[in-house]
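Presented below is the structure to which this report refers.
Computed from the coordinates by the stated procedures, all read-outs in this text should not be read as laboratory data. Bear in mind the structure is a predicted one, so any value in this text is a computation, not a measurement. FYI the Cβ positions are ideal-geometry reconstructions off the backbone, even for glycines, and counts take in every protein chain you see.
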Amino acid sequence: HAKELGKGQFQFFTGELNSAAHQRLALESALRGALDASELSVVYQPKVDPFGNCCGFEALLRWHNEQLGDISPERFIPLAEEIGLIEPMTDFVLRAACCEALGWRSAQPGAAPLSVAVNLSARLFSDDSLAARVAAILAETGLPATRLEVEITESALLGDFTRTAASIESLRVLGVRIALDDFGTGYSSLSYLQKLPLDIVKIDRSFVSRCEHGGEAMAIPRAIISLGRSLHLRIVAEGVENARQLAMLAAYGCEEFQGYLIAPPLAPADALAFLAGDLASQIR
Ligand code: C2E
Ligand code: MG
Ligand code: MG
Ligand code: MG
């Protein structure tokens, strides 16, 4: 029978592929149990203005499994999308993030209330009920919609653009702000910036890491900042790792910064301590 199966299928029975398939199955079944086993948690990475004042945090999902250890979201999010777990997992992040944000107080008197940003998978935007689900979680937790941001990557715009745009519009009607994440990578079309009701653009880390050299390396970040500003979008630089990068971007008008230079993603208690530190530096 092996002959009839053909080359590709025959390979399935070789040790290497078998173990890859086995690994994937193990990951898949562990992921199915992760929510119920309380293996998921959420960490929060701050965003600051050019003066170092905290503007809000981005919620990032973490998964720790006893057998498998820490698994990166870059690995388990695509799998969760594939096996139909992305909805419950996103609800988990939204609920945790909204609850956590209720406890944040800005160190600056009179400052805008701190926001929390949640990453939403591209495929969620093709679901008509997305805005209703978000609205339900906002109502349940009591977080005002104006304090929630959702981050969407450009790949979401590759699918059914009309449906995605409708979902974005419905979220915006609630008062939720929309950020375009990892901007400038992959499939970006500049026209999206004008066609969609966006509030925030996040310059991808790949541009940020190069821009400390100045000169030509600044060409793309400068163009994104200037285009964004003329479209009244707030510009955030992600993956800021050193002071030179921050200074270069700030000089050209970037308004918010996020990255290891400021802080890594923090456990909830550490996020509170970060805000308290912010307060201490104000009093000093
Ligand atoms: P992202 O939304 O672009 O998040 C930024 C990633 O860069 C995070 O990785 C963060 O830890 C990392 N990072 C932050 N500052 C720095 C820096 O200065 N240098 C470097 N080298 N990296 C930095 P993380 O947490 O592993 O998440 C990776 C991606 O997984 C995220 O990219 C996001 O697309 C996705 N993701 C994370 N949580 C969720 C979630 O709850 N739902 C969905 N759909 N996707 C999520
Ligand atoms: Mg993000
Ligand atoms: Mg990003
Ligand atoms: Mg990124």
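Couple of notes before you dig in:
- Label sites at residue 92 and residue 231, each approximated as a point 7 angstrom past Cα along Cα to Cβ, lie 3.4 nm apart.
- Between residue 252 and residue 195, the simple label model (points 7 Å from Cα in the Cβ direction) yields a spacing of 2.5 nm.
- Sorted fewest first by neighbouring Cβ atoms within 10 angstrom, 47, 195 come out as 195, 47.
- Cβ-based exposure ranking for 92, 274, 125, in which fewest neighbours within 10 Å come first: 92, 274, 125
- Across segment 215-284, the convex hull enclosing all Cα atoms gives 110 Å³ per residue.
- Translational diffusion coefficient (Stokes-Einstein; Kirkwood radius from C-alpha pairs) of segment 164-284 at 10 °C, 1.306 mPa s, in µm²/s: 101
- When Rg and the Kirkwood radius Rh are both evaluated on Cα atoms of segment 117-224, their ratio Rg/Rh stands at 1.03.
- A simple rule links phi to the HN-Hα coupling: the Karplus curve 6.51 cos²θ - 1.76 cosθ + 1.60 with θ = phi - 60°, which for segment 63-80 gives 10, 10, 10, 3, 7, 8, x, 7, 10, 5, x, 4, 9, 8, 5, x, 5, 4 Hz, with x for Gly and Pro.
- Fewest-first sequence of 169, 154 by Cβ atoms within 10 Å of each Cβ: 169, 154
- Quotient of the Cα radius of gyration of segment 120-160 and 2.2 N^0.38 Å, N being its number of residues: 1.28.
- Charge tally around residue 95: other residues with Cβ under 12 Å, Lys/Arg +1 each, Asp/Glu -1 each, net -2.
- Taken one residue at a time, the phi angles of segment 223-233 give Karplus couplings (6.51, -1.76, 1.60, θ = phi - 60°) of 5, 5, 4, 6, 5, x, 5, 6, 9, 6, 9 Hz. Gly and Pro are set to x.
- Placing pseudo-labels 7 Å out from each Cα toward the beta carbon at residue 112 and residue 51 gives an inter-label distance of 1.5 nm.
- Per residue, the convex hull spanned by the Cα atoms of the chain measures out at 173 cubic angstrom.
- Using the Cβ-Cβ distance between residue 273 and residue 140 with R0 = 25 Å, the FRET efficiency computed as 1/(1 + (r/R0)^6) comes to roughly 0.40.
- Residue-wise HN-Hα couplings along segment 26-39, as the Karplus relation 6.51 cos²θ - 1.76 cosθ + 1.60 with θ = phi - 60° gives them from phi, are 4, 5, 4, 6, 5, 5, 4, x, 4, 5, 5, 7, 6, 8 Hz; Gly and Pro carry x.
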